[in-house]
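Values in this text are rule-based calculations from the coordinates and carry no lab data. Being a predicted model, the structure only gives us computed values, none of them experimental. Cβ placement follows ideal geometry from the backbone for every residue including glycine, while neighbour counts extend to all protein chains displayed.
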Amino acid sequence: MRYTLSMLEKKLRVVKQIEGVPVVGACERCNKQFAADPHVIGQLAMAKRGIQEQFEVHDCKPIDSIQNALWTVRRATESACLQSSGDSSRSS
Ligand SMILES: [Zn+2]
């Protein structure tokens, strides 16, 4: 395992997914979050691409502006409350 380089690069991490489809991604470096377009939720390729595109164009700043981080957390909490009953590991 070597991850000296990856610590310097911005990196996308999926923070929330529904049935294997990513709905919210976050940058590991600046902690900014990217939500998939509601229209493509459930479509794996489209959802991934939408998140990836937002990630690639975002203004990546290492966490420094506390305000921005708090705002992100607040938004994440709100959306988590709305969908708290979803269970992604269920299969029928
Ligand atoms: Zn970033």
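Quick notes
- Using the average count of surrounding beta-carbon atoms within 10 Å as a protection proxy, the listed peptides 30-39, 10-19 rank, highest first, as 30-39, 10-19.
- Taking 0.36 nm per residue of separation and subtracting the current Cα-Cα distance, fully stretching the chain between Gln17 and Gln52 would add 11.2 nm.
- Inter-label distance for Arg75 and Glu28, nm, one decimal - labels placed 7 Å from Cα along Cα-to-Cβ: 2.2
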